[in-house]
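The values are calculated or read from the model by the stated rules, or taken from the named source; none is laboratory data. A quick note: this is a predicted structure, and the numbers were derived from the prediction, not measured. Note that each Cβ is placed from the backbone with ideal geometry, even for glycine, and that neighbours are counted across all protein chains shown. Keep in mind that these areas ignore ligands, DNA and RNA; they rest on the heavy atoms of the full protein, side chains included. Shrake-Rupley method; radii C 1.70, N 1.55, O 1.52, S 1.80 Å.
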Amino acid sequence: MEFDETKTYLNLARAFAGESQAGMRYQLIAREATAQGYIALADEIKTLAKNETVHARRFFEELTKRGKELDNIEIDAGYPYHTGELTEMLKLAAIDEKNEHERIYPAFAKDAACEGFNDVAALFNMIANVEKHHEQIFNYLYEAMESGNLYKNEVPILYVCKECGHMQTTTEAWTVCPLCKSSQGFVSLNVPYGKEKS
Ligand SMILES: [Fe+2]
Ligand SMILES: [Fe+2]
């Protein structure tokens, strides 16, 4: 069977489109966060946006290295088009990530394995694992913002001003940096990387 007749060929094209769009959607969320003064939050989201564009690159590479002269690929797939408040966007992004790692990429990995593309199956699984962490990060950010706890913690933790480096171990970050007078939006976040939601 020619590569362009496989499910894997179409799944890679769908995944490339999905990752490209996720990268852009997250840049738009970061833009809104910046506009609202949440600079450290915007930085976190820009990192996630970059992750998605790298995923897109890897899918593109896997697709183009196997395809013959690829001009145009017809795909049908649904992609998220959300709009709303910043907190709502964070929540919806978590749901999109959950869909990717629980439903979409495992199915694509299965198709790839069935068609004998074990390295592509492994790539889908590796990226699904990243998306699981992305879901956790978005959920954390959503819940912290929604509950007003983005800059509060039950036990003292280290907060750092990303502008001047001022740091303090406390249960609540300063609203105005005592050193450089930057706003709270510049204070580092307490994102629980790699931890399951408790
Ligand atoms: Fe991704
Ligand atoms: Fe992601």
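The table below lists the values:
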{"item": "Failed criterion for GLY23 (all others in (1) without any contact (Cβ under 8 Å) to a residue 40 or more places away in the chain; (2) within 11 Å of ligand 1 (Cβ to nearest atom); (3) more than 30 Å from THR175 (Cα to Cα); (4) open to solvent by 10 Å² or more (accessible area, probe 1.4 Å) hold)", "result": "(4)"}
{"item": "The range 133-186: number of residues that are in contact (Cβ under 8 Å) with a residue 40 or more places away in the chain, open to solvent by 80 Å² or more (accessible area, probe 1.4 Å) and among the β-branched types (Val, Ile, Thr)", "result": "0"}
{"item": "Count - residues of the range 110-120 that are surrounded by fewer than 21 Cβ atoms within 10 Å (Cβ to Cβ) and assigned to a helix (DSSP H, G or I)", "result": "6"}
{"item": "Subset of the range 3-20 (residues that are open to solvent by 40 Å² or more (accessible area, probe 1.4 Å) and in contact (Cβ under 8 Å) with a residue 60 or more places away in the chain)", "result": "ASP4, LYS7, LEU10, ARG14"}
{"item": "Residue list for the range 103-130, filter: in contact with a Lys or Arg (Cβ under 8 Å, 6 or more places away or on another chain) and acidic (Asp, Glu)", "result": "ASP111, GLU115"}
